[in-house]
Amino acid sequence: LLRSRNLILKEKKTDVLDIIDAQLVPLGLQIMESRPKVIESFNKIFTPLYENISGIDSVMIDYNPSWKGTSFDEVLTSLLEKRPLDFTMNTSMSGPHRDKIRFIRNKKPFVATASMGQQRLLSLVLRAAQAYFYTETTGRLPVLLMDDVLLELDPEKRQKFTALLPQYDQLICTFLPGEPYQNYRRDKTLVYIVSDGDFRAE
């Protein structure tokens, strides 16, 4: 009786998934078509920004979609083939939510050979490039939150990174004790000290 009940539940799940997949595939293909165009535009900001700070040229973002097919029938067939794995993992293992980006240089993976500082800088420049892209796309200035993000950069790269930050509506930074935050102050910068649970203006 229990086995029969499980078979019925699985059949019901399969019927629902057939309907969901038929709706997911066209929308997913639209996303797959749009993402490379966005990344191409994004690389025009990211690549020179990373080079200006790190001195390493030709570092780019590469888009790797989860679905390898490009037509409705190809992708739908692939989803059906992978459905047993989805049931096993109890989640959808392919689709736009599983797309990946990687950092490459001269068509080779960059992260595998990059130092910790270079990897950290990738993350920081990615966020800065997002802010530039946001302003270019919307015409609005972002609010930036930098939570002790400069710790793994040497002093020269810290200066370069802060100098190349995009225009912003507001910038909120946190620093560990001993960090020379005075080096990054501007005329209208407000400084607050948090110590032993106390919060005070400098």
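The values are calculated or read from the model by the stated rules, or taken from the named source; none is laboratory data. The structure displayed is predicted, hence computed values, not measured ones. Virtual Cβ from ideal backbone geometry, glycine too; neighbours counted across all protein chains shown. Surface areas here come from the heavy atoms of the whole protein model, side chains and all, with no ligands, DNA or RNA. Shrake-Rupley method; radii C 1.70, N 1.55, O 1.52, S 1.80 Å.
Pairs are defined by a Cβ separation below 8 Å, a sequence spacing of at least 6 or placement on different chains, a first member in region 158-175 that is in contact (Cβ under 8 Å) with a residue 24 or more places away in the chain and assigned to a strand (DSSP E or B), and a second member that is aromatic (Phe, Trp, Tyr) and surrounded by 14 or more Cβ atoms within 10 Å (Cβ to Cβ); the pairs so defined are Cys173/Tyr181; Cys173/Tyr184.
Here Ile193 meets each of (1) surrounded by 11 or more Cβ atoms within 10 Å (Cβ to Cβ); (2) farther than 24 Å from Asn43 by Cα with one exception, condition (1). Apart from one condition, Asp147 fits all of (1) without any contact (Cβ under 8 Å) to a residue 40 or more places away in the chain; (2) open to solvent by less than 70 Å² (accessible area, probe 1.4 Å); (3) of a type outside the set (Val, Ile, Thr); the exception is (2). Between Ser41, Ser92, Ser78, Ser58, the distinction of being in contact with a Gly (Cβ under 7 Å, 6 or more places away or on another chain) and among the polar types (S, T, N, Q) belongs to Ser78 only.
Among the residues making up region 116-162, those that are under 13 Å from Ile53 (Cβ atoms) and either in contact with a His (Cβ under 6 Å, 6 or more places away or on another chain) or small (Gly, Ala, Ser) (or both) are Gly117, Ser123, Ala128, Ala129.
Residues checked against (1) among the acidic types (Asp, Glu); (2) in contact with a Ser or Thr (Cβ under 6 Å, 6 or more places away or on another chain):
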residue: Phe103; (1), (2): no, no
residue: Leu121; (1), (2): no, yes
residue: Ala129; (1), (2): no, no
residue: Asp147; (1), (2): yes, yes
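A quick yes/no check of all residues on (1) open to solvent by less than 80 Å² (accessible area, probe 1.4 Å); (2) closer than 20 Å to Ile31 by Cα; (3) part of a loop (DSSP other than H, G, I, E, B); (4) modelled with pLDDT of 90 or more:
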site	(1), (2), (3), (4)
Asp62	yes, yes, no, yes
Leu76	yes, yes, no, yes
Phe87	yes, no, no, no
Ala112	no, no, no, yes
Gly117	yes, no, no, no
Ala128	yes, no, no, yes
Leu151	no, no, yes, no
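Looking for something at pLDDT below 90 and loosely packed, with under 15 Cβ neighbours inside 10 Å - is there at least one such residue anywhere in region 89-99? Yes, region 89-99 has at least one match. Restricting attention to region 130-149, the residues that are closer than 25 Å to Glu40 by Cβ and part of a strand (DSSP E or B) total 1. Being modelled with pLDDT under 90, out of contact with any Asp or Glu (no Cβ under 8 Å at 6 or more places or on another chain) and among the charged types (D, E, K, R) holds for only one residue in Glu136, Glu156, and it is Glu156. Counting the residues of region 89-110 that are free of Cβ contacts under 8 Å to residues at least 12 places away in the same chain and assigned to a strand (DSSP E or B) gives 2. Out of Gly139, Gly178, report the one residue that is open to solvent by 50 Å² or more (accessible area, probe 1.4 Å), small (Gly, Ala, Ser) and under 30 Å from Ile104 (Cα atoms). Among Gly139, Gly178, only Gly139 is open to solvent by 50 Å² or more (accessible area, probe 1.4 Å), small (Gly, Ala, Ser) and under 30 Å from Ile104 (Cα atoms).
Among residues of region 15-39 that are farther than 15 Å from Leu76 by Cβ, those with a Cβ under 8 angstrom from a residue that is open to solvent by less than 50 Å² (accessible area, probe 1.4 Å) and assigned to a helix (DSSP H, G or I), sequence gap 6+ or separate chain, pair up as Ile31/Pro96. When each of Ala163, Ala131, Ala201, Ala114 is tested for being in contact with a helix residue (DSSP H, G or I) (Cβ under 8 Å, 6 or more places away or on another chain) and of a type outside the set (Lys, Arg), the lone residue that passes is Ala114.
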